[in-house]
DNA sequence: CTCGGTGCAAATGCTTTGCAATGTC
DNA sequence: GACATTGCAAAGCATTTGCACCGAG
C-alpha cells in the first residue's frame with residue numbers, strides 16, 4: 001500500500017530525532033512491512049527479507065521494528081505465549097482483536113462506541129490514554145460449527 | 001482471603017479431571033496466591049514460597065499456575081515485554097487494566113457497559129467469547145502532574 | 001503397586017547485546 | 001572523519017522438558 005507516504009513518515013521521524021540515520025536496511029524492512037497483509041512475527045519478516053535477497057540481520061529487523069513502532073507505523077501485540085506479533089498500522093483505523101483459540105484466526109474489530117467508552121472511563125480515572133488493545137479470546141463461528 | 005473456598009474449588013477440579021492428583025505443593029502454591037494482593041509474576045511467587053520455607057521447584061510453580069488458570073482461580077496477563085503477570089481471580093469481578101507507562105502502576109477497571117458492548121460486538125461477528133482483556137497504556141494522574 | 005507429579009539441571013526459543021566493521025551525515 | 005548502525009555469534013531470560021525418584025490413590 002502507500003509505501004511512499006510511509007517512507008516520508010520514517011524520514012521525518014529520523015530527522016526530527018537528532019542522531020538517527022536513514023539506512024538502506026531500515027527502508028528495506030519498512031518496505032517489507034508495507035507489503036505485508038495482516039499480522040506477522042519478527043522471524044517471518046526476517047525470512048521474507050532474506051528470501052527476497054535483502055541482506056539484513058535478525059538484530060536489525062528487531063531494532064527496526066521497534067523504531068517503526070515509535071513512529072506509529074507498526075503496532076506490536078502479544079497474543080500468545082511465545083512470540084510477539086506485529087502489524088502495519090499506517091493507514092489503518094485503530095482496531096481490536098477477536099482471537100480464536102481453536103484455529104488461531106484473528107478477527108479485527110473497529111468500533112467507534114468502544115473507543116468512546118474507553119476514553120470516557122479513562123477520564124473518570126484521570127488517566128491519559130496513549131494506546132490500547134482489546135483482546136477477546138474465544139471461538140470463531142467456523143470452529144464453532146465444527147464441534 | 002477466603003482460602004478455604006479456593007481449596008474446595010481446586011479439590012473439585014482435580015477430582016473432576018480424572019487422573020489429576022492433590023499434592024501438598026499444589027495447595028501450597030494456591031495458598032501463596034491467595035495471600036497475594038494484586039499482580040505478581042512466577043519468579044516472585046516462587047521466591048516467596050521458598051522464603052516461607054515451602055519446598056517447591058520453579059517447574060511446579062509454573063505447572064500449578066497453569067492448573068489454577070484452568071480452574072479459574074488465577075488470571076494471566078502479558079502487559080510488558082518479558083514476563084507474564086498473574087493475579088488471583090477468585091472472588092473478584094471481571095475487570096480491565098489501565099497501565100501507566102511511567103510508573104508501571106496498574107489501575108483496575110470494572111464496567112458493566114464495557115462488558116455488554118464487548119459481548120454485543122462478539123455476537124455481531126458470531127464469535128463466542130471465553131475471556132478478554134482490555135489494556136489501556138498511558139499516563140496516570142500522579143505521573144501526569146509531575147511533568 | 002501404579003502412574004501422575006516433582007525436582008533438578010539442561011534445553012528451548014525469542015530477543016538482546018558486545019564488538020569490530022561499515023556507511024551516513 | 002565521527003559516530004550511529006550493522007552483522008554476527010554469543011549471551012540472556014522466562015519458561016519448558018527429560019528423566020529418575022517420590023508419593024497420592
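No other residue among B:57, B:123 is within 11 Å of DNA strand D (Cβ to nearest atom) and either exposed (fewer than 12 other Cβ atoms within 10 Å of the Cβ) or modelled with pLDDT of 95 or more (or both) apart from B:57. Can you tell me which residue among B:89, B:83 is more than 7 Å from every other protein chain (Cβ to nearest Cβ) and under 24 Å from residue A:69 (Cα atoms)? From the options B:89, B:83, the qualifying one is B:83.
Name the residue that is nearest to the other protein chains (Cβ to nearest Cβ), counting only residues in the range B:131-147 that are touching a strand residue (DSSP E or B) at 6+ places or on another chain (Cβ under 9 Å) and assigned to a helix (DSSP H, G or I). The residue in question is B:141. Has the range B:29-39 got any residue that is within 13 Å of DNA strand C (Cβ to nearest atom) and within 23 Å of residue B:99 (Cα to Cα)? No, because not a single residue in the range B:29-39 is within 13 Å of DNA strand C (Cβ to nearest atom) and within 23 Å of residue B:99 (Cα to Cα).
So which strands (runs of 3 or more DSSP E) stay within the range A:79-130 end to end and still have 3 or more residues that are under 26 Å from residue B:112 (Cα atoms)? Here the list reads A:96-100, A:106-109. Scanning the range B:80-113 for residues that are in contact (Cβ under 8 Å) with a residue 60 or more places away in the chain and closer than 19 Å to residue A:131 by Cα turns up just one, B:106.
When every residue of the range B:3-10 is checked against the conditions, at least one turns out to be within 12 Å of DNA strand D (Cβ to nearest atom), surrounded by 14 or more Cβ atoms within 10 Å (Cβ to Cβ) and not in a strand (DSSP E or B). Could you tell me which numbered condition residue B:66 fails, if it satisfies all but one of (1) within 11 Å of chain A (Cβ to nearest Cβ); (2) within 16 Å of DNA strand D (Cβ to nearest atom); (3) closer than 24 Å to residue A:75 by Cα? Failed condition: (3).
Summed over the range A:47-60, residues that are in a helix (DSSP H, G or I) and within 8 Å of DNA strand C (Cβ to nearest atom) total 2. The single condition among (1) more than 9 Å from chain A (Cβ to nearest Cβ); (2) surrounded by fewer than 18 Cβ atoms within 10 Å (Cβ to Cβ); (3) over 30 Å from residue A:66 (Cα atoms); (4) more than 16 Å from DNA strand C (Cβ to nearest atom) that residue B:108 does not satisfy is (3).
The values are calculated or read from the model by the stated rules, or taken from the named source; none is laboratory data. These figures come from a predicted structure and were not determined experimentally. Neighbour counts are summed over all protein chains in view; Cβ atoms, including those assigned to glycine, are modelled from backbone coordinates with ideal geometry.
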